Amino acid sequence: MCGDYPADIAFLIDSSGSEYGTNFDNEKNFVSMVANEFNYSYNDTLIAVSQFSTSSRTDIFFNQYPDKAGLMNAIAKIHWLNGESNTHLGLTELAHHVFTSRQHTIHTHGHHNEHVMYGPRGDSAKIAIVLTDGRSLEPDQTQRAAERLHHMGIEVFAIGIGHSVDRNELRIIATDSNHVYQVPSTNDLDSIHTTIVDAICKRK
């Protein structure tokens, strides 16, 4: 567990065709391992998880789950999307839906709907961790979407998986070259989870 400051950490995982089955499970396990290193609470660390392929989707918003057990259960249940590597849509998802406060309507038992605010907190560190195993289909749009995140003050880590990633594109996605990591396969993600946690904790 690290840090006295509140942090909002969003994961963006690759859900394209090549990440089927074990690879996608390995990505989810990596998210769980990193998330598990932090004190999960509204006053400490909040976690969000989005994914991208042909389209993008946010499965877990900040402040959606009241405790770590609920969060971990939700991560385990995330379903693979399948499709192409539209990385720019994933980055845009983070900017427009994850790091933006919005009201969500929760359907509770009975007839009452609860309105809950999901989104980042004003005083928190904003961190995005992007996992990708390929080159984006729209490099120019990916660059623009990454620049939007940087301008929003979000610190972006980029993790390239496998041998077909474009290191230059990882560098464009990330805050700077010190925020770029590469692993040979999803099986190697667990070997860098403590490295990523340490990098987040050092930023105090």
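The values are calculated or read from the model by the stated rules, or taken from the named source; none is laboratory data. Since we're looking at a predicted model, the values are computed, not measured. Note: ideal-geometry Cβ built from the backbone for every residue, glycine included; neighbour counts use all protein chains shown. Protein only, heavy atoms only, side chains kept; ligands, DNA and RNA dropped before computing areas. Shrake-Rupley method; radii C 1.70, N 1.55, O 1.52, S 1.80 Å.
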*Where residues in the range 160-178 are open to solvent by less than 60 Å² (accessible area, probe 1.4 Å) and not in a helix (DSSP H, G or I), which of them is farthest from SER15 (Cα to Cα)?*
ASP176
*Scanning the range 179-193 for residues that are open to solvent by 40 Å² or more (accessible area, probe 1.4 Å) and touching a residue at least 40 places away in the same chain (Cβ under 8 Å), which turns out nearest to the chain's Cα centre (by Cα)?*
ASP190
*From the list ILE60, ILE75, ILE9, pick out the single residue that is out of contact with any Pro (no Cβ under 8 Å at 6 or more places or on another chain), within 23 Å of ILE172 (Cβ to Cβ) and not hydroxyl-bearing (Ser, Thr, Tyr).*
ILE9
*Any chance you could count how many residues in the range 38-57 are within 22 Å of ILE196 (Cα to Cα) and open to solvent by 20 Å² or more (accessible area, probe 1.4 Å)?*
6
_Complete set of residues in the range 137-159 that are open to solvent by less than 50 Å² (accessible area, probe 1.4 Å) and of a type in the set (A, V, I, L, M)_ = ALA145, ALA146, LEU149, ILE154, VAL156, ALA158, ILE159
*Report yes if some residue within the range 54-75 is without any contact (Cβ under 8 Å) to a residue 24 or more places away in the chain, in a strand (DSSP E or B) and of a type in the set (A, V, I, L, M); otherwise report no.*
yes
